[in-house]
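Chemist: Pasting a structure below so you can have a look.
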Amino acid sequence: GWEYPLARYFNAGVMYVRDTAGARRVAADWQARWRYGYARGDDWDQLALACAIHTTPADVLELPPAFNAMVSVHPALARGARVLHVTVGN
């Protein structure tokens, strides 16, 4: 019953969060949605986060690409990276 598709989708991997009332509301909604899904066999925390951000009033800004440099897509993305995002197969 969650609204989808969303206008924006956020990766749960790297976050910088200020301790504000809005951030606490998003975190509480995220946790509630994640627990709901987990109890039903789905542990996809990123969808729960994206829905919480979309439905909870809070200021949310996207970090620049340097904070999620997907080097598995192309090694050149490592130039100027702050955080490397490496995907490893099973």
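The values are calculated or read from the model by the stated rules, or taken from the named source; none is laboratory data. This is a predicted model, so every value here is computed, not measured. Here Cβ is always computed from backbone atoms with ideal geometry, including for glycine, and neighbour counts include all displayed protein chains. To get the accessible areas, we keep the full protein, side chains included, count just its heavy atoms, and leave off ligands, DNA and RNA. Shrake-Rupley method; radii C 1.70, N 1.55, O 1.52, S 1.80 Å.
Chemist: Can you check what the net charge comes to around N11, using other residues whose Cβ is under 13 Å from the Cβ of N11 (Lys, Arg +1; Asp, Glu -1)?
Modeler: Residues near N11 contribute -1 overall.
Chemist: Where does helix 21-39 land angle-wise versus the long Cα axis of the chain, in degrees 0 to 90, nearest 10?
Modeler: Approximately 80 degrees, to the nearest ten.
Chemist: Another question, if that's okay. In what order, largest first, do H54, H74 sit by accessible area if the probe radius is 1.4 Å?
Modeler: The ranking, largest first, comes out as H74, H54.
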